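Chemist: I'd like to ask some things about the structure below.
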Amino acid sequence: MTTKSMNHAGISNSAALTDASFNAKVGYKTAPAQAPTATSRNDHSHIDPNIVAHYHKALEVLARPHEDISQSAYDIAIVSLVPGPQQASCIRWLVSNRNVDGTWGADTQLSWYDRYICTYAASIAFRNIGLTEQADEIVSLLPQIFSQREDVSPETVTFGGLVGALDQFSRVNGLPVVSHNAIVRQIVDEECDKWERMLTWSEFYNASISNVGYSAERIYGDSRIDLDLFLRNFQVENDSIATAPAAGAMTLLEIDRRNARVSEGRLARLRRYVYGLDPYERTVGHMDHLFYFVTSWALMYVGELGITYNPAHYPDIEVLIDRVFEALFNEDGFRLLGITDPTTIPGDADSTSSAILGIRYARPQVFDISKLENIYIADQGYYQTYKYERHPALSTNIHMAGVLADINALQLGPLMYWLQKEIVENQNLACKWHVSPFYVMGEMARILAHVQHPVAQTLALYAADYFLAAQKSDGSWGIGPSTIEETGFAVLGLTAIFDRLSRQMNHERSSLLHVLHKSLITAKQYLESISARSPNWQDQESSYAPLWIGKPLYCVKPLIPVLFHVSLGRIAQIEQKYRGLVAGTGV
């Protein structure tokens, strides 16, 4: 599709605007909207010390050193293919971190793709060091993984390309090549076709717009790749390839396989990086770090408490905010932000919009987001996460709705109708970046509850119904076992809806407030039971379920304690408000 008129066909732009903004006919470059935001929803003159304590604990997660991401069985298996000091530790980690059924990766209920690619990579790792019998046993589990698949299971990033790269490694090194079933084979073939098209692209080596560095596993065994140019363009400051361990390992393997003439200094840096990927010494995730991701999302969630941010109290966090803010600009002005730096993964609309929403909590700022027009599909009314994206992402467009609402942009109306069609009419609750529908529904409720548009309110209430129906008897949420993360998404969504409904009371809303209050109290009991059962829950790996979608599933670890404390703080605020409404006979 190409970007056409800024108007959605057949829909009046006025549907997206308040009266004042419509009369002013504002567009992208406007003053901030006057709609209520997280920083204006609450009276801060008498804040419950318990709420303040949760606020400080949430911010302290950012202020102190932390791991951004969980370990990746897939990446550790790929890194083990490189002969070096890290190899034995990687194999030992794989042996010690198998599932009870002998596989690796997440439960097939979450994503069979994740379990398949992690297990297949582990089989190659074992075969590569001569453990043939063990490798055969692992390979025999692949059909079982596929047979347990759920039709709605979300595909992991570049799944077919990674399976194809592992096939190629086996083929080149004289190892048996696995015969995959027809569906997996079709996905691999589709990715191979895409790779062939990419190789003809004039911008293939342009790290500012090409995502090839992140999926560098694909270059193994492909003699058409200019390895010196590839290394020069996709190696980043921490010596990795695109901040992705598996990509760096396979790039090194291909350079060594060909004995290629590349920059000696760069090669030494890459080798040092890969040799340092010891899972017992550091986290080997599918990315090295997620700096912008962690900072932006954490600030979005902390902002829900509505407590005025004082930069003087948090000098360490000010440094983080400065980095995100400055990264939104380059010599050409405002730019699209990615999930981290340094990396050679191009910026995207989801990371950019979430950074804006996070930054606005600490620093009220109006951004000229006109560069996002390049990925706005006007005839459909949605934003692509990145250029040439095959299928639009729900969460990207929900976050963009929050940005557009703040500036009363004309694109808000078409976007609302697109979300309504996708979620309500098409019953599409799947997000390509997160396996749980509670993430999509939580973000939709949290953001759209405060957007001044009739469809936004309908969608927020739709999310409320969804959460109320899906809540477990212990007060938690989870598409599998209950998790703090999914419960946090639900709590932040429901508390935003409670705030919205309590501002304009009537009998119907009064009844819903009772139901919401009851639901939130049981959620509070679940969250408090976690710390009661295990005061050191933050130090336990079981607290960090991998639910985000990358090459494997992964956990953004700092967000878990942030969501835990913000959720308890928000519930405490709702309890106060509910008592006030009851006392004033508002409910």
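Bear in mind these aren't lab numbers, they're just calculated from the coordinates by the rules spelled out. Model, not experiment: these values are computed from the prediction. Here Cβ is always computed from backbone atoms with ideal geometry, including for glycine, and neighbour counts include all displayed protein chains.
Chemist: Taking N as the number of residues in segment 188-280, what is its Cα Rg relative to 2.2 N^0.38 Å?
Modeler: After normalising by residue count via 2.2 N^0.38 Å, the value is 1.04.
Chemist: Relative to the present Cα-Cα distance, how much length would full extension add between residue 66 and residue 468 at 0.36 nm per residue of separation?
Modeler: 141.4 nm
Chemist: Report D for segment 73-275 in µm² per second (integer): Stokes-Einstein, Kirkwood Rh on Cα pairs, 25 °C, 0.890 mPa s.
Modeler: Once the numbers are plugged in, D ends up at 142 µm²/s.
Chemist: Additional query: Please compute the length gained on full extension between residue 209 and residue 232, using 0.36 nm multiplied by the number of residues separating them and subtracting their Cα-Cα distance.
Modeler: The span from residue 209 to residue 232 would gain 6.8 nm if fully extended.
Chemist: Then there is this: Just the number, please: Stokes-Einstein D of segment 244-321 in µm²/s, Kirkwood Rh from C-alpha pairs, 20 °C, 1.002 mPa s.
Modeler: For the chosen part, D equals 135 µm²/s.
Chemist: Okay, moving on. Assuming R0 = 51 Å, what is the FRET efficiency of residue 101 and residue 583, from their Cβ-Cβ distance, to the nearest 0.05?
Modeler: The value I calculate is 0.40.
Chemist: Once segment 490-587 is represented by equal point scatterers at the alpha-carbon sites, with solvent omitted, what log10 I(q)/I(0) does the Debye formula produce at q = 0.17, 0.19, 0.23 Å⁻¹?
Modeler: -0.80, -0.91, -1.13
Chemist: Provide 192, 431 in ascending order of the number of other Cβ atoms located within 10 Å of each residue's Cβ, fewest first.
Modeler: Lowest to highest Cβ neighbour count: 192, 431.
Chemist: Could you give the length gained by full extension between residue 529 and residue 263, i.e. 0.36 nm per residue of separation minus their alpha carbon distance, to one decimal place?
Modeler: That pair, residue 529 and residue 263, stretches by 90.2 nm at full extension.
Chemist: Show me, for segment 491-500, the HN-Hα J-couplings you get by feeding each phi into the Karplus relation (A = 6.51, B = -1.76, C = 1.60, θ = phi - 60°), rounded to Hz, glycine and proline as x.
Modeler: In residue order, the calculated couplings are 4, 5, x, 5, 5, 5, 5, 4, 4, 5 Hz.
Chemist: ³J(HN,Hα) across segment 353-359 via Karplus (A = 6.51, B = -1.76, C = 1.60, θ = phi - 60°), whole Hz, x for Gly/Pro?
Modeler: So the Karplus estimates, Gly and Pro as x, are 5, 5, 4, 4, 5, x, 4 Hz.
Chemist: Angle check, please: helix 394-406 long axis (alpha carbons) against the longest principal axis of the chain (alpha carbons), in degrees 0 to 90, nearest 10.
Modeler: 40 degrees
Chemist: Once the Cα atoms of helix 507-533 and of the chain are each reduced to a long axis, what angle between those two axes, in degrees from 0 to 90 to the nearest 10, is obtained?
Modeler: 50 degrees
Chemist: Taking amide H positions as placed 1.01 Å from N in the peptide plane, with prolines and chain starts having none, which residues 5 or more places from residue 385, or on another chain, fall under 5 Å of its amide H?
Modeler: 393
Chemist: Before rounding to the nearest 500, sum -39500 (n - 2.57) across all DSSP H runs of length at least 4 in the chain and divide by the residue total; then give [θ] at 222 nm in deg cm²/dmol.
Modeler: Using -39500 (n - 2.57) per qualifying helix, the result is -16500 deg cm²/dmol.
Chemist: A further question on this structure: Using amide H atoms built in the peptide plane, which far-off residues or other-chain residues are under 5 Å from residue 334 H to H?
Modeler: none
Chemist: Could you give me D for segment 361-479, from Stokes-Einstein at 20 °C and 1.002 mPa s, where the hydrodynamic radius is the Kirkwood radius over C-alpha pairs? Units µm² s⁻¹, please.
Modeler: After rounding, the answer is 143 µm²/s.
Chemist: A further question follows. Here are some pairs, 387/432; 387/557; 524/577; 518/557; 421/551; which of them have Cα atoms lying more than 25 Å apart in this structure?
Modeler: Violating the 25 Å limit, Cα to Cα: 387/557; 518/557; 421/551.
Chemist: Across the chain, how large is the tail of the calculated P(r) beyond 31 Å, expressed as a percent of all Cα pairs?
Modeler: Roughly 50 percent, rounded to a whole number.
Chemist: Given H placed 1.01 Å from N in the peptide plane, which residues other than close sequence neighbours of residue 556 have an amide H under 5 Å from its amide H?
Modeler: 547, 548
Chemist: Please arrange 275, 55 by how many other C-beta atoms lie within 10 Å of their C-beta, fewest to most.
Modeler: Taking fewest neighbouring Cβ atoms as first place, the list is 275, 55.
Chemist: While we're here: Starting at the first residue of segment 167-179, write each ³J(HN,Hα) from the Karplus equation 6.51 cos²θ - 1.76 cosθ + 1.60 with θ = phi - 60°, in whole Hz, x for Gly and Pro.
Modeler: These are the phi-based 3J(HN,Hα) values: 4, 5, 4, 5, 4, 5, 9, x, 9, x, 9, 5, 9 Hz.
Chemist: Same structure again: Among 367, 334, 564, rank each residue by its count of other Cβ atoms within 10 Å, from fewest to most, as a rough exposure measure.
Modeler: Fewest to most other Cβ atoms nearby, the residues stand as 334, 367, 564.
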